[in-house]
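The values are calculated or read from the model by the stated rules, or taken from the named source; none is laboratory data. In this text, all values refer to a predicted model and were calculated from it rather than measured experimentally. Here the Cβ positions follow ideal geometry from the backbone for every residue, glycine too, while neighbour counts run over all protein chains shown. Areas reflect the complete protein model, heavy atoms only, side chains present, ligands, DNA and RNA absent. Shrake-Rupley method; radii C 1.70, N 1.55, O 1.52, S 1.80 Å.
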Amino acid sequence: MISFVKATKSLTDIPKPNLRKILLRDLFERISILYKAKFKETGVKFEMEIVPTDLSIEADMELIEQVIINIFQNALEAMQETSTPRLSITARINESDHVQISISDTGKGISDEVLERIFLPFYSTKANNSGIGLSLSQQIMIAASCTARSKF
């Protein structure tokens, strides 16, 4: 019951984003340093690409970092039985002139049935998992998006 209350609280207590200019190179390097030992231990080939190299965003460093870490954790779990695990993160300007961050891995993928539910709070395909990671990540990105729009 305590873990349920904590999980519910984390979904409702997202701090107001503290937006500032972040060089994506700095953000990606911080996260890659955090995962360096794990990548080596699991044999994951990590790739990072940022075009242009000085690309930046207005975001809350801690919140966006939390989202990327959650996605990396899911990717590592999805690649556990992959013979050539590879995780890549890229950032570039898309056709709509927005910064797009993409994360891809060589894991087993997500079925359409699961894909429909992955952002639902407390939904998980893993035993002993709270199922709040992707839901929390989505809420963070929505909060950041709304804050960014209201600044302009």
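Using the Kyte-Doolittle scale, which helices in the chain average at least -0.5 and also have C-alpha atoms spread 24 Å or more along the helix axis, with helices defined as whole DSSP H runs?
Numbers: long enough: 24-42 (25 Å, -0.33); 61-78 (25 Å, 0.76); 133-151 (27 Å, 0.35).
The answer, listed by residue number, is 24-42, 61-78, 133-151.
The count of lysine pairs in region 20-152 that are at least 8 places apart or cross chains, and whose C-alpha atoms lie under 30 Å apart, stands at 14.
Note on the chain: helix-only mean residue ellipticity at 222 nm, from DSSP H runs of 4+ residues weighted -39500 (n - 2.57) and normalised by residue number, equals -15000 deg cm²/dmol.
Out of every Cα-Cα pair in region 75-121, what percent are more than 15 Å apart?
Working: 653 of 1081 pairs.
More than 15 Å apart: 60 percent of the Cα pairs in region 75-121.
Each residue of region 88-95 is assigned a 3J(HN,Hα), and the resulting list reads 10, 10, 10, 9, 7, 8, 8, 4 Hz, derived from the Karplus form 6.51 cos²θ - 1.76 cosθ + 1.60 (θ = phi - 60°), x at Gly and Pro.
Stretched out straight at 0.36 nm per residue, the stretch from residue 14 to residue 86 would grow longer than its current Cα-Cα span by 22.8 nm. When the accessible area of the chain is split by element with a 1.4 Å probe, what percent falls to carbon and sulfur? The value for the chain is 54 percent carbon and sulfur by accessible area. The Cα trace of region 38-102 gives Rg and Dmax of 13.6, 39 Å, the first to one decimal, the second as a whole number.
Each of 114, 101, 130 was scored by the projection of its Cα onto the charge dipole of the chain, and the greatest displacement toward the positive side belongs to 130; charges sit on the C-beta of Lys, Arg, Asp and Glu.
By the gyration tensor of its Cα atoms, with a ≥ b ≥ c the square roots of the eigenvalues, what is the shape of region 15-70: rounded for a/c under 1.5, prolate for a/b over b/c, or oblate? Oblate, because a/c is 1.5 or more while a/b does not exceed b/c.
The 3J(HN,Hα) values that the Karplus relation (6.51, -1.76, 1.60; θ = phi - 60°) gives for region 44-57 are, in residue order, 7, 7, 9, 10, 9, 9, 9, 10, x, 5, 9, 4, 9, 9 Hz. Gly and Pro appear as x. Remark: relative contact order (the chain) = 26 percent; criterion is Cα-Cα distance under 8 angstrom and separation of 6 or more residues. Within the listed set 75, 59, 37, the Gaussian network model of the chain (springs between alpha-carbon atoms below 10 Å) gives the highest mean-square fluctuation for 37.
Of 76, 63, 115, the residue with the greatest mean-square motion in the GNM of the chain, using alpha carbon springs below 10 Å, is 115. Highest mobility in the GNM of the chain, judged by mean-square fluctuation with C-alpha springs under 10 Å and restricted to 116, 95, 81, is found for 95.
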